[in-house]
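Chemist: The structure follows.
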Amino acid sequence: MKKFFTQPIGSLVRQNALGFIACNIYLIGTGFELFESVDGVNRIFNFAWAFTLTSIVIGSYYLIEGQVPNYWKMATVILGAVLILGTLIEISVPEFRETGFSGMYFIWAFNSLTYILTIRGTGVFRPVYEYLSIFAFTGILVGSGAGLFFDYTPPESIQPLFGIAWISMIIGFGYGSYVAWGDKLASSTNE
């Protein structure tokens with residue numbers, strides 16, 4: 001257990017990126033009611049989702065530390081704390097279990113969109129993952145912002161777009177982080 005939590009940040013983020021993808025696949029499967037699930041198991045996966053996402057978010061500073069100011073380090077830690085706290089609220093407060101905690105999703109999407117746009121074209125993320133992430137976080141921002149600021153639920157006819165945005169986020173941010181850390185680790189061992 002100690003070795004898992006004290007491993008180099010690149011290895012930790014790569015493992016958590018795979019866990020993030022697995023948690024999202026499970027949560028999408030239950031969201032589309034592809035299989036029956038137990039509420040307690042869903043909450044465990046929701047917490048695991050937040051834990052893996054927090055690792056990716058905190059590790060993102062170390063991925064681009066030479067290209068952003070030093071205060072981004074504290075900002076990623078604060079965002080990670082918001083994600084963990086928001087998820088704990090979401091899984092423990094009954095009124096958020098069904099609808100989600102849109103404030104957490106909005107702040108995460110806003111910050112992640114800023115992150116992706118800031119590093120766009122620097123070669124950290126491959127362009128396909130940049131574009132998928134931009135589309136995804138814009139969709140999540142619009143979807144969560146509509147409910148948060150305007151108390152508006154988008155019509156059922158455009159709901160599938162938010163599902164496509166979520167899948168784009170899994171590929172762009174989840175797998176994109178995995179690949180970006182793989183590229184960084186490969187280039188640092190060859191020097």
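The values are calculated or read from the model by the stated rules, or taken from the named source; none is laboratory data. This structure is a prediction, so every number in the text was calculated from the model and none was measured. As a convention, Cβ positions derive from the backbone with ideal geometry for all residues, glycine included, and neighbour counts pool all protein chains shown.
Chemist: Name the single residue, out of those in the range 1-44 being hydroxyl-bearing (S, T, Y) and touching a residue at least 12 places away in the same chain (Cβ under 8 Å), that is surrounded by the most Cβ atoms within 10 Å (Cβ to Cβ).
Modeler: Checking each candidate, the answer is Y26.
Chemist: Let me ask you something else. I need a count of the residues in the range 1-37 that are closer than 27 Å to G100 by Cα, in a helix (DSSP H, G or I) and of a type in the set (F, W, Y).
Modeler: 2
Chemist: Can you tell me which residue in the range 149-191 is modelled with the lowest pLDDT, limited to those that are in contact with a Gly (Cβ under 7 Å, 6 or more places away or on another chain) and not hydroxyl-bearing (S, T, Y)?
Modeler: The selected residue is P154.
Chemist: Any idea how many residues of the range 70-101 are modelled with pLDDT of 90 or more and not in a helix (DSSP H, G or I)?
Modeler: 1
Chemist: Quick check on this structure: which one of F106, F110 is surrounded by fewer than 20 Cβ atoms within 10 Å (Cβ to Cβ) and modelled with pLDDT of 85 or more?
Modeler: Step by step, each of F106, F110 is checked, and only F110 is surrounded by fewer than 20 Cβ atoms within 10 Å (Cβ to Cβ) and modelled with pLDDT of 85 or more.
Chemist: What number of residues in the range 150-173 are surrounded by fewer than 11 Cβ atoms within 10 Å (Cβ to Cβ), of a type in the set (F, W, Y) and in a helix (DSSP H, G or I)?
Modeler: 1
Chemist: Looking at the range 132-143, can you tell me whether even one residue there is over 14 Å from the mean Cα position of the chain (by Cα) and of a type outside the set (S, T, Y)?
Modeler: yes
Chemist: Please go through the range 114-139 and give me each residue that is crowded, with 18+ Cβ neighbours inside 10 Å, closer than 27 Å to P160 by Cβ and of a type in the set (A, V, I, L, M), ordered by number.
Modeler: I116, L132, A136, listed by residue number.
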